[in-house]
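What follows is a single structure, written as structure tokens, with notes after it.
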Amino acid sequence: METKKLSLKDCYESLGKPQKILRERIAEECGVTAATVFRWLAGEIVPDKLKRERVVSIVSDFIPGVKEEDLFPDCSK
């Protein structure tokens, strides 16, 4: 059985109440504003490689096993 790959937005939306915690943690640990995090979540902009790696690490605390190519499919080449 193949598991469904979840984009950053999908992961975020699947969380429910911890969404705010995830947003705040991403903003704090990546050194960006809340507005930037919302743009990442909406897919409007993509973080640089180092920030993507940090985001994957943070998201994996909420959703174990998540990979960069799942969260940011347009960047994995």
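The values are calculated or read from the model by the stated rules, or taken from the named source; none is laboratory data. Everything numeric in this text was worked out from a predicted model, so none of it was measured. Here the Cβ positions follow ideal geometry from the backbone for every residue, glycine too, while neighbour counts run over all protein chains shown. We work out accessible area using only protein heavy atoms, side chains counted, and drop any ligands, DNA or RNA first. Shrake-Rupley method; radii C 1.70, N 1.55, O 1.52, S 1.80 Å.
Descriptive notes on the structure:
- If you go through region 13-46 and keep only what is more than 15 Å from Val59 (Cα to Cα) and surrounded by 17 or more Cβ atoms within 10 Å (Cβ to Cβ), you end up with just Thr36.
- Matching residues, region 1-47, being under 14 Å from Leu71 (Cβ atoms) and of a type in the set (Lys, Arg): Lys4, Lys5, Lys9
- The set of residues in region 49-71 being among the β-branched types (Val, Ile, Thr) and either closer than 16 Å to Lys5 by Cβ or in a loop (DSSP other than H, G, I, E, B) (or both) consists of Val55, Val56, Val59, Ile63, Val66.
- Only a single item in (1) open to solvent by 80 Å² or more (accessible area, probe 1.4 Å); (2) modelled with pLDDT under 90; (3) not hydrophobic (A, V, I, L, M, F, W, C) is not met by Asp10, and it is number (1).
- Residues of region 13-48 that turn out to be in a helix (DSSP H, G or I) and at pLDDT below 90, as a count: 3
- Residue check, Lys5 loosely packed, with under 15 Cβ neighbours inside 10 Å, basic (Lys, Arg) and assigned to a loop (DSSP other than H, G, I, E, B): yes
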